[in-house]
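Okay, structure first, notes after.
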Amino acid sequence: MTKTINLYNETKVNISKGMTGLFFEDINYSADGGLYAEMLENRNFEFYRSHQGNKNGDFFTEYEGLYGWNNEGRGTMKIVSGSPVSEVNSHYLRFTSTGCGEGFSNKAYDGICMKKDQKYKVSFYARNVTLLDEVYIRVLGQDGISCGGTTFSLYKNEENTLCPWKKYEGIITAEKDIRFGKFHVTVSGEGIIEFDFFSMIPCDAVCGIFRKDLYDLIDAIHPGFIRFPGGCIIEGATLSNRYDFKKTITRLEDRKSNWSRWAVHKSWHNLKDNHGPVCYPYYNQTYGIGYYEFFLLCESLGCKALPVLNVGLSCQFQNYEMVMPGTAEFDQYVQDALDLIEFSNGPVTSKYGKMRAELGHKESFNLEMMGIGNEQWETKDNRFYDRYVAFEKAIHKVYPDMKLIASAGPNVEWPEFGEAWDFIYKNSKQNPDFAYAVDEHYYMPPQWFYSHMDFYDNYDRSVKVFAGEYATHNEGGGSFNKPELNDLGGALAEASFLTGVERNADVVALTSYAPLFARLGYTQWSPDLIWFNDEKSFGTPSYFVQLMYSNFTGDKTLDTKGEHADLYKEGIYYNPSVDSKTGTVYLKIANSNDEDVKINLSADSFGFKKMKKVWIGGKEKSASNSIDNISAVTMETSGEEKYTDEIILKKNSFTVLILN
């Protein structure tokens, strides 16, 4: 098969800088147990077990402070309160030892994983009740043999009074590679000691916070922005369970642990046998990554922050709980938005700017945009439109330049989707700053993406679009722990659709695939962009599509004269763009055919001399990556070579031609 693509040296529309970004939600153990490099589970004895009753909105929790901890001898473990390190997290461990070597261990999700010669920072608070001498922390292999450890000499108060809490810190160097190990704590003799806030974090954690391999994967994308912290996690299963940013901008010890809305979400682990449903009732949020850390993450990656706030509604899929506009309770939600902007941008003399400085960042984070609600839609009861209006007026009164992102609901095919856009357009005619962009979500079969290549061709250009959550979902997409759902075929459908998105970059300003992360064995939703376990991580075919769009895009599209549509029926999807400063042309082409295709380029007006090719594919559409074969589908790059007008596109491939 041979096809022709004409490249015209005529620019069409501007492409927003940083158009391709990331959507982060604490789902699939993306934060605790994921990007947050903390290796211990329930480090501060504050975990809850979550339950959902038989009716919508019927949620309850049980406190289980010893979850994840096990007694390793004859000693006694008790969870107590009374004089804690933090009144916010009031429980701590009182351990009574009957002799030298008594202790306890932490299961650490799938167990401790260490790499030989790497260093790990460990810390804890302790209060020596009966003047013990030492605490020993070791990582034990499955054979019970130590793979590394360190010893702490305990502070003693020689007077007949209780010792104060003291923080202890040390380094463990791994003596060998280990997986499924125990974090093991023992004491030097008979006596009583109290513990709180254990921690073990790899010394290579980025900013001392972020798991390095996961950070490196998202850093390679060079995202233009990160939308955080979700997702349904913002709303919560109940309003008390919502993501309250103010509870995450204190010192770590004062961040109140919360049960996750995803803890009660049912998922299935096997599509054919339909094993399940499985819940993760101990999925908790320690907020080791809170709003402050999200801002740090964006700053370290060189991208913009896009925080999203609750508007007084719990998750509309799970509950009907809300606070109503016009009430003092609702006004506090609006005030939270103003306070968040002050936390990010305010001077150190302001209340929340001072809090930012006390956490270690005197300079402004320069927040430019924020989302009002997650994927809310209007009902006769919730009055979402009134909520948005209240937030918009209050924010723009104080911060007129803040770009606000509105919601069009969870599905572009719902009738509420069109109604939301009508509401936005109507108000934007009177107030052009009413909404910078509207957040659209679509999780659809691959064929939907192919059949909607012109989805944005006829949009009104007066308000931008944020394609905030999208992914191809084959059979079984959604509540499954199935990394194989992230196959090449789905990625090709996304890559093809994105040629149409890029062609309409004058209306689509922001895009982000969702969800971002999934920990194997702890997953509530798939497909996902990046999968990982305790030891390794890998990008999916969809990951490489995102990377290629973010890294190989100009600042202006080139006019295709409508000829792009002629190739749709041949399974070829393309869009060219140009870097107006360098003259480099980026031609993206998806070949959805099960055979190679020859492309003849007609580009005489450019006078190209050199070219480079980046691609994924050349395999069956069912090909996917796995933890055992993380590079079955990966991005490949040719060296720079002499320009030729004949290009071979491998079967089932997505290619970027870099032309100079």
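Please report, to one decimal in angstroms, the Kirkwood hydrodynamic radius of region 517-660 built from all distinct Cα-Cα pairs.
Working: mean 1/r = 0.0602 Å⁻¹.
Final number for the Kirkwood radius of region 517-660 is 16.6 Å.
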If you wrap a convex hull around the C-alpha atoms of region 435-506 and split its volume per residue, what is the figure in Å³?
84
Collect residues whose amide H, placed 1.01 Å from N in the peptide plane, falls under 5 Å from the amide H of residue 4; neighbours closer than 5 in sequence don't count.
600
In nm, to one decimal, how far is the modelled label at residue 596 from the one at residue 651, with both set 7 Å along Cα→Cβ?
1.2
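Can you pull the percent of region 581-660's accessible area that's carbon plus sulfur, 1.4 Å probe, other chains left in place? List each step's numbers first, then the result.
Working: 1630 of 3860 Å².
Roughly 42 percent, rounded to a whole number.
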Base-10 log of normalised Debye intensity for region 495-538 (one unit scatterer per alpha-carbon) at q = 0.14 Å⁻¹:
-0.48
Across region 196-204, in residue order, what do the Karplus-derived ³J(HN,Hα) couplings come to in whole Hz, using 6.51 cos²θ - 1.76 cosθ + 1.60 with θ = phi - 60° and x for Gly and Pro?
7, 6, 5, 7, 9, 10, x, 5, 8
Contour minus Cα-Cα span, residue 256 to residue 299, at 0.36 nm per residue, comes to 13.0 nm
So how strong a dipole does region 69-210 carry about its Cα centre when Lys and Arg Cβ are +1 and Asp and Glu Cβ are -1, to the nearest 20 debye?
300
Per Stokes-Einstein, at 10 °C and 1.306 mPa s, what whole-number D in µm² s⁻¹ belongs to region 340-381, with the Kirkwood radius over Cα pairs as the hydrodynamic radius?
136
Probe radius 1.4 Å, ligands and nucleic acids left out: which of 256, 609 has the largest accessible area, and how do the rest follow?
609, 256
What share of Cα pairs, in percent, lie more than 32 angstrom apart in the chain?
53
Using 7 Å Cα-to-Cβ label points, what is the residue 74/residue 581 separation (nm, one decimal)?
7.2
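Pop out the carbon and sulfur fraction of the accessible area of region 368-502 as a percent, whole number, probe 1.4 Å.
Numbers: 2450 of 5070 Å².
Carbon-and-sulfur percentage of accessible area, whole number: 48.
From the C-alpha gyration tensor of region 213-321, pull out the three semi-axes of the equivalent ellipsoid (sqrt of 5λ each), sorted largest to smallest, in whole Å. Walk me through the intermediate numbers first.
Details: eigenvalues 134, 82, 39 Å².
Taking √(5λ) for each Cα gyration eigenvalue gives 26, 20, 14 Å.
Assuming 1.002 mPa s and 20 °C, estimate D for region 541-588 with Stokes-Einstein, Rh taken as the Kirkwood radius over Cα pairs, in µm²/s. Working shown, then result.
On the way: Rh = 11.8 Å.
Translational D for this selection: 181 µm²/s.
Based on alpha-carbon positions alone, could you give the equivalent ellipsoid semi-axes of region 399-549 from the gyration tensor, as √(5λ), descending, whole Å? Kindly include the intermediate steps, with their values, before the conclusion.
On the way: eigenvalues 180, 54, 41 Å².
Semi-axis lengths for region 399-549 are 30, 16, 14 Å.
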Round to the nearest 10 and give me the degree value, 0 to 90, for the angle of helix 384-398's Cα axis relative to the longest principal axis of the chain.
80
On a 0 to 90 degree scale, rounded to 10, what angle separates helix 291-301 from the longest Cα axis of the chain?
50
Would you mind computing, in nm to one decimal, how far apart the modelled labels at residue 379 and residue 219 are, each placed 7 Å from Cα along Cα→Cβ?
4.4
Mind listing the phi-derived Karplus ³J(HN,Hα) values for region 282-289, rounded to whole Hz, using 6.51, -1.76 and 1.60 with θ = phi - 60°, and x for any glycine or proline?
9, 6, 10, 10, 8, 6, x, 9
In whole Å, what three semi-axes, largest first, describe the equivalent ellipsoid of region 276-327 built from its Cα gyration tensor (square root of 5 times each eigenvalue)?
27, 22, 10
Cα-based Kirkwood hydrodynamic radius, region 575-658, one decimal, Å:
14.0
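In terms of the Cα gyration tensor, with a ≥ b ≥ c the square roots of its eigenvalues, is region 260-390 rounded because a/c is under 1.5, prolate because a/b exceeds b/c, or oblate? Each step should come with its number before you reach the end.
Details: a/c = 2.46, a/b = 1.34, b/c = 1.83.
Oblate, because a/c is 1.5 or more while a/b does not exceed b/c.
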Note the angle between two axes, namely the Cα long axis of helix 328-345 and the longest principal axis of the Cα atoms of the chain, as a number of degrees from 0 to 90, rounded to the nearest 10.
80
What longest region of the chain stays clear of chymotrypsin sites (Phe, Trp or Tyr not before Pro) that DSSP places outside H, G, I, E and B and that have at most 13 other Cβ atoms within 10 Å?
321-660
What ³J(HN,Hα) values, in whole Hz, does the Karplus curve 6.51 cos²θ - 1.76 cosθ + 1.60 give for region 8-24 when θ = phi - 60°, with x put for Gly and Pro?
9, 7, 9, 7, 10, 10, 6, 9, 4, 5, x, 4, 8, x, 10, 10, 10
Alpha-carbon centroid distance for the pair region 398-427 / region 469-521, whole angstrom:
22
Calculate the dipole size of the chain relative to its Cα centre from +1 charges on Lys and Arg beta carbons and -1 charges on Asp and Glu beta carbons; express the result in debye to the nearest 20.
720
Per residue, how much accessible area does the chain show when a 1.4 Å probe rolls over the protein heavy atoms, in square angstrom?
38
In whole percent, and with a 1.4 Å probe on the protein chains, what portion of the accessible area of region 522-580 is carbon and sulfur?
47
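Given the -39500 (n - 2.57) contribution per DSSP H run of 4+ residues, what per-residue ellipticity at 222 nm results for the chain, rounded to the nearest 500 deg cm²/dmol? Present the calculation step by step, with values, prior to reporting the outcome.
Numbers: 10 runs with 115 residues, N = 660.
The helix-only estimate for the chain comes to -5500 deg cm²/dmol at 222 nm.
The values are calculated or read from the model by the stated rules, or taken from the named source; none is laboratory data. Small disclaimer: the values here were computed from a predicted structure and weren't measured. We place every Cβ from the backbone using ideal geometry, glycine too, and count neighbours over all the protein chains shown. When the accessible area is computed, the model is the full protein with side chains, heavy atoms only, and any ligands, DNA or RNA have been set aside. Shrake-Rupley method; radii C 1.70, N 1.55, O 1.52, S 1.80 Å.
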